[in-house]
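**Student:** One structure, as structure tokens, below. Some questions next.
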Amino acid sequence: MFPKYCRLHGFLIVGLFLAAWVAVPARANMASSVGDSTNSTGFGDTTWTAPDPPGSEDPSQPGPRVAEPDRDPTWETALRTPFRVVFFPMRLLARGMELGFKQFGGELMSPKPPSPGVKVGVGIYAGSANDVAIGPTVKARDFLIPDSKFGLFAGWSITDHRRIKLTESIADRQPIGFRLIGSYDLKPNRRFFGIGNDTPESQRSYFRLEDINAEGSLLFGSSPLQQVRLVGGYSAMTAKSGWKAEPLLTEVFPRETVPGYGGSTHELQYGATGDFAMINNDVVPSLGVHLRTELRQFQGIRESDPDFNQWLFEGRGYVPVFAPRRVIAVRAAWAGVKPLAGSAEMPFYRLAHNEGALAFAGYSSRRFHDNQLAILRAEYRWELWERREWTLDAVALYELTEVAPFSSAFTWDKRRTAYGGGFRLGLSDRSNVRLDLAKGDEGLHLTLRIGNIF
Amino acid sequence: MRRTILSSMFGLLLLCCAGISWGDNPDRELKRSGGIDRTTWIDHDKQPITQPPEWESNYYTGMFRQAITDPLSHAFDIPDKLLIIPRSLGAKTEREAVNVNAFDEVPNSSWFTNRNHLKAIPPNELRKGPTEVVLPKKPWTIKHAKAGGQTAGFQIKDADGKKWLIKLDPAGYPQLVSGADMVSRTLFWAAGYNVPNNQPVRFRREDLKIDEDLLKGNEDGEQMRESDLAAVLERGARFPDSSYSALASLFIPGEVLGAPSMQKRRPGDANDWYTHNHRRELRGMYVLASWLNSWDAKDQNFLDVFVPTTKDSLGHVDHYVLDVGASLGAAGMGAREPWHGYENTIDWGWMARRLVTLGFTVEPWRHAHGDPGIPAVGNFESAAYRPEQFKTLQEQPAFRAMSDRDGYWGAKIVASFSRDQIAAAIDAGGYEDPKAKQYLLKTLMERREKVMRYWFREVAPLDFFEIKDGRLKFHDLAQDVGITGPREYLVQIDSEGKDDDKSGAYRLKSPELPLDNITSDATHLELHLSIAGSKAKPVKVELSRTAGADWVVTWIRHG
């Protein structure tokens, strides 16, 4: 009836039609693949109903519960009880700490913006692990003077270290500001090992240092990292026989070989200090340079008091290692004192020494005294934790240090080396916390420092 | 003498421990009239009780415990280390969730109501959420400043006298937090949780007035001057027409008792039988939170409310998921930080990894590029998302206790949401930017697929078993939602009865098992169903014959 080719075409057409009929829904299914199953009736559709779904009975009507109250299985209780007994003191300690955090956690984690008025509280000062002082604090904001901050702390530590510190700042963080710092510090067990780079550690001795200081600063620059400060003030120091530690200085050194021991010096001082930073992050810099300098002249009030210049030059540099969270940081610092012509002899306690911002890694504080001091340090820092404005870095450090009577006396052969690691918690552009464990030529030393340090 | 003192101290400690454990046990107060029924779909936990005392899980205590105490406790948990040995021999020592019925589901309770995964909610109903849309009528009188949280805001009384909490979106990000809250809380509600009545709102400065007492300084010493209000509004986001973008949350009716602890029961609540981290709905919430990136699911974002129901002031406690604004791509101060959802606030594991690798480890969130440039979306993505690696800021005890069984249950709820339903939840956010809606829908669908693929690979997604026409029928959820095609199933049968010859393994080509062909005389069958060629943990199903010789499903356990 139909030619053969017509029948063939007919079959082809019907076949194609059938294929299309099958394929179109298949394509539709593919298009509505994952989760887009609006048109089907299975689980995950908008019309889905599970077999025998629960009714809408009210749980407030009397009725059964689904299970008994849960409790530890007996075998687990039996297994855990001995450990619970042994660790009971630790659990008590943990609960105590939790209670403490409940009380003070808010202040620590989310400090409220300071409000005007006077506040009295309790303050803690940690000079070292065994030198924790506690005492009253008074803080005032905008009290009597607008845009002013006042702080007073008086503390007494377990090693009889007595400290009073008063600060008053006006127009802080303004282009021009003023700051006054007054302090009284009496520590009966400061260390002295002798003067020079080669003094043996076995010469460790102790003396009492009483330090009274008052300094006013006129600040130019709103950021502490871009600021020039004109400073002037008064300083009195007394070095005498100490207590709370042995041996005493005079038991190790003949009295006449230690200049200034047993007496006091009273000085007026003036000068300028400054910070010039070009860094990408004020708290945890990863790129840039920060230069710091302090230049002061001290004039003795009495004839027996020395006249001298005191200086600090410091440079810090930061380079990222492929990312800002990994940084190579270097620091070079040179500090010293130089008596003026005709000056009385420099007392040992006013010489440059490794303490505070000039601490040496791997050596105890005040281990070295001399006219001049130099530090060269390289660090690799890497970020461990960063939350809001806080950043905790791990640090691997290597440091070269030396003290010398004059600059040409610094020699490579006499350098002291130290290497180690630690942690650096960046808090603000003015303050960070460092915990370092470093090995120097004389063994391991752990140091904890808080403040504007490297 | 010394030995006597030591023995006495030891005995005293034991007594203390016993006393603590006895004192913590609410059994003595329980009303057991209803008994226990493992097949119930209603956990009757709204029995009339006197109002429990106000007690709230402290934020800072919780933070310290979860960041410091708990990790140390786990590190030195010697019994747990000892249990590694029996675990390696196949013993199951982890504790499964308690409030699970015979069908591996959570019965309705004051915490949870089975909704979408058992009966799909039509999209137009889902969009409305728990109640009809009610907006705070203007003008608004500010009664208090907003306490706690990162978002700026205040408490108001509207023109109808209703109390609301107003939370402003962060400056520069209109609809960011309010939108995320609305989308997430709508999906939390549809999943089964109790949520407050929230609504996105916009208002102008002239719609507000400060309450006279608050302006002068109220009895509590609280004061809000015009300048204080201006400072609050300064932190808020504005639309191009200068109106403010915010979320209004209606105060929940009842007496507020405070945030519950996810680690224990509420003191004084005799209905609260199960330690919270052993509740299935709180453990399984991890999967939902992971999907929605609800990265701040801490105790303080839950709320318990006492609802008096009788004339003599007896009532029950309802449990709410209160604040899920920190989800999707949102944070209180702006777009979510990249690590949110990937690390705890103090994450010892990641800190240790960074320490030992000298900072060269690359965390997954560094690959997560989730900022589409849409302010209302913030920072939300799906490409780097791994459902099982999700972390909240503070580690949740209930999330930590989650087993595969709980995770599967949570994934089942996530999988139950269709594209239309998710789109409806996004609609509830009231986004004005259509790009925000499209981006959120696409991202949520992609994340949903990852959730399903992960959990349905861990646990065989064979569910909703029923006996029909002499056959055991079930659903392969992975096939239902379209992430896999037809596949075969393996059944291992153990039978009890006169004739147990038919016990053995069978291969099924479709999700149904003809029962009468397999066994005619058995009275009880125990089936272990798995997917052919898959390592997913099998499902255990038990069947029993009724008096009329019909089979009924009596027990189901996944994983």
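The values are calculated or read from the model by the stated rules, or taken from the named source; none is laboratory data. Fair warning: this is a prediction, and the values are worked out from it, not measured in the lab. Backbone-built Cβ (ideal geometry, glycine too); neighbour counts: all protein chains shown.
**Student:** Within region B:142-174, which residues are within 27 Å of the chain's Cα centre (by Cα) and either assigned to a loop (DSSP other than H, G, I, E, B) or among the small types (Gly, Ala, Ser) (or both)?
**Tutor:** B:146, B:147, B:148, B:149, B:150, B:151, B:152, B:153, B:169, B:173, B:174
**Student:** Is it true that some residue in region A:229-246 is assigned to a strand (DSSP E or B) and closer than 23 Å to residue A:363 by Cα?
**Tutor:** The answer is yes, given that some residue of region A:229-246 is assigned to a strand (DSSP E or B) and closer than 23 Å to residue A:363 by Cα.
**Student:** Looking only at residues that are part of a helix (DSSP H, G or I) and charged (D, E, K, R) in region B:337-376, which one is modelled with the lowest pLDDT?
**Tutor:** Among residues in region B:337-376 that are part of a helix (DSSP H, G or I) and charged (D, E, K, R), the one modelled with the lowest pLDDT is B:366.
**Student:** Residues in region B:271-316 that are hydroxyl-bearing (Ser, Thr, Tyr) and within 23 Å of residue B:377 (Cβ to Cβ): how many?
**Tutor:** Number of matching residues: 2.
**Student:** Would you point out the residue of region B:76-134, among those that are charged (D, E, K, R) and touching a strand residue (DSSP E or B) at 6+ places or on another chain (Cβ under 8 Å), that is farthest from the other protein chains (Cβ to nearest Cβ)?
**Tutor:** By that ranking, first place goes to B:104.
**Student:** Taking region A:331-356 as the search range and keeping residues that are part of a loop (DSSP other than H, G, I, E, B) and of a type in the set (D, E, K, R), which one is farthest from residue A:240 (Cα to Cα)?
**Tutor:** The qualifying residue farthest from residue A:240 (Cα to Cα) is A:355.
**Student:** Could you grab me the full set of residues in region B:530-552 that are within 28 Å of the chain's Cα centre (by Cα) and either of a type outside the set (Ser, Thr, Tyr) or in a loop (DSSP other than H, G, I, E, B) (or both)?
**Tutor:** B:535, B:536, B:537, B:538, B:539, B:540, B:541
**Student:** Can you name every residue in region A:324-342 that is surrounded by fewer than 16 Cβ atoms within 10 Å (Cβ to Cβ) and of a type in the set (Gly, Ala, Ser)?
**Tutor:** A:332, A:341, A:342
**Student:** Looking only at region A:144-173, which residues are of a type in the set (Ser, Thr, Tyr) and part of a strand (DSSP E or B)?
**Tutor:** The answer is A:148, A:157, A:167, A:169.
**Student:** Take residue A:355 and decide whether it is out of contact with any helix residue (DSSP H, G or I) (no Cβ under 6 Å at 6 or more places or on another chain) and either within 14 Å of another protein chain (Cβ to nearest Cβ) or crowded, with 21+ Cβ neighbours inside 10 Å (or both).
**Tutor:** no
**Student:** Another question, if that's okay. Can you name every residue in region A:333-385 that is among the acidic types (Asp, Glu) and in contact (Cβ under 8 Å) with a residue 40 or more places away in the chain?
**Tutor:** A:345, A:370, A:379, A:383
**Student:** For residue B:3, are the conditions met, namely being modelled with pLDDT under 75 and within 10 Å of chain A (Cβ to nearest Cβ)?
**Tutor:** The answer is no for residue B:3.
**Student:** Separate question: Looking only at residues in region A:369-396 that are farther than 22 Å from residue A:312 by Cα and of a type in the set (A, V, I, L, M, F, W, C), which one is nearest to the other protein chains (Cβ to nearest Cβ)?
**Tutor:** Applying the filter and picking the extreme gives A:382.
**Student:** Could you tell me how many of the residues in region B:48-74 are facing chain A (nearest Cβ under 7 Å) and polar (S, T, N, Q)?
**Tutor:** Qualifying residue count, region B:48-74: 3.
**Student:** Now for a different question. Checking residue B:431 against (1) assigned to a loop (DSSP other than H, G, I, E, B); (2) closer than 30 Å to residue B:541 by Cα, only one condition comes out false. Which one?
**Tutor:** (2)
**Student:** Counting only residues that are modelled with pLDDT under 95 and in contact with a Phe, Trp or Tyr (Cβ under 9 Å, 6 or more places away or on another chain), which one in region B:121-135 is farthest from residue B:202 (Cα to Cα)?
**Tutor:** Filtering region B:121-135 for residues that are modelled with pLDDT under 95 and in contact with a Phe, Trp or Tyr (Cβ under 9 Å, 6 or more places away or on another chain), the one farthest from residue B:202 (Cα to Cα) comes out as B:130.
**Student:** Something else now. Which ones in region B:244-290 are of a type in the set (Val, Ile, Thr) and either out of contact with any strand residue (DSSP E or B) (no Cβ under 7 Å at 6 or more places or on another chain) or within 14 Å of chain A (Cβ to nearest Cβ) (or both)?
**Tutor:** B:275, B:287
**Student:** Every residue in region B:206-232 that is assigned to a helix (DSSP H, G or I), modelled with pLDDT under 95 and surrounded by 13 or more Cβ atoms within 10 Å (Cβ to Cβ), please.
**Tutor:** Correct list: B:213, B:214, B:215, B:228, B:229, B:232.
**Student:** A follow-up question, please. Between B:261, B:178, B:249, which is polar (S, T, N, Q), in a strand (DSSP E or B) and under 32 Å from the mean Cα position of the chain (by Cα)?
**Tutor:** When all the criteria are applied, what remains is B:249.
**Student:** So, residue B:79, is that one surrounded by 14 or more Cβ atoms within 10 Å (Cβ to Cβ) and within 30 Å of residue B:236 (Cα to Cα) or not?
**Tutor:** no
**Student:** Examine region A:219-227 for a residue that is more than 30 Å from residue A:441 (Cβ to Cβ) and among the aromatic types (Phe, Trp, Tyr), and state whether such a residue exists.
**Tutor:** Yes: region A:219-227 contains one or more residues that are more than 30 Å from residue A:441 (Cβ to Cβ) and among the aromatic types (Phe, Trp, Tyr).
**Student:** Say whether the condition of being more than 29 Å from residue B:290 (Cα to Cα), in contact with a Phe, Trp or Tyr (Cβ under 9 Å, 6 or more places away or on another chain), basic (Lys, Arg) and away from chain A (no Cβ under 14 Å) is met by at least one residue in region B:503-514.
**Tutor:** Yes - at least one qualifying residue is present in region B:503-514.
**Student:** Condition first: out of contact with any Ser or Thr (no Cβ under 7 Å at 6 or more places or on another chain), at the interface with another protein chain (Cβ under 7 Å from one of its Cβ atoms) and either surrounded by 17 or more Cβ atoms within 10 Å (Cβ to Cβ) or modelled with pLDDT of 50 or more (or both). Now tell me which residues in region B:27-46 satisfy that.
**Tutor:** B:33, B:34, B:35, B:36, B:37, B:38, B:40, B:41, B:42, B:44
**Student:** I would also like to ask the following. Pick from region B:348-389 the residues that are in contact with a helix residue (DSSP H, G or I) (Cβ under 9 Å, 6 or more places away or on another chain), of a type in the set (D, E, K, R) and over 30 Å from residue B:239 (Cα atoms): which of them is surrounded by the most Cβ atoms within 10 Å (Cβ to Cβ)?
**Tutor:** B:363
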